[in-house]
Amino acid sequence: MARILIVDDEPDILLMLRVNLESEGYEAAMAADGETALERARAEPFDLVLLDVMMPVMDGWGVLEGLSRMTDPPRVVVVSAKSSDKDVDRALDAGALDYLLKPFSPRHLVQVVRDVLALPDADVETYRKQRRAGAGR
């Protein structure tokens, strides 16, 4: 069972994501700010982080930077209302594998989670390059 850390400062989003992921068989943990998320990711193994960008205490950019310094970082999918190509490119350049724009359908989220978790390590960079080129936006 994959372990997923959901990071968002909006309680309704945290709950919705947790319920949807748990109903698909994933184990979900939550963090309401970036600092807490980074502490949890350093202390516990996670297969995937669903990461909002605009948060108090430490934003998603700081979390991405911190995760990138880990020896074996979890995979990251950014989930944000920030919709500019600049933000998408920044997230992918910082190590995220995908970028979902809010609002999104729970079905689409689950499919992206499945796709990212199923990627063989050898295909991670190819997947990121496809996203950077605009596939899936």
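No value in this document is a laboratory result; all are computed from the given coordinates. It should be emphasised that the depicted structure is a prediction, and the values quoted were computed from it without experimental measurement. Please note: Cβ atoms are built from the backbone with ideal geometry, for glycine as well, and neighbour counts cover all protein chains shown.
Just a few scattered comments:
- Complete set of residues in the range 35-50 that are part of a loop (DSSP other than H, G, I, E, B) and not aromatic (Phe, Trp, Tyr): Glu44, Pro45, Asp47
- For the range 18-34, the tally of residues that are closer than 16 Å to Val63 by Cβ and assigned to a helix (DSSP H, G or I) stands at 1.
- Test: residue in the range 56-76 that is free of Cβ contacts under 8 Å to residues at least 24 places away in the same chain, of a type outside the set (Ser, Thr, Tyr) and not in a loop (DSSP other than H, G, I, E, B): no
- Residue satisfying all of: in the range 87-124; in contact (Cβ under 8 Å) with a residue 60 or more places away in the chain and touching an Asp or Glu at 6+ places or on another chain (Cβ under 7 Å); surrounded by the most Cβ atoms within 10 Å (Cβ to Cβ) among these: Val116
- Of the residues contained in the range 66-86, one or more are found to be loosely packed, with under 14 Cβ neighbours inside 10 Å, under 14 Å from the mean Cα position of the chain (by Cα) and not hydrophobic (A, V, I, L, M, F, W, C).
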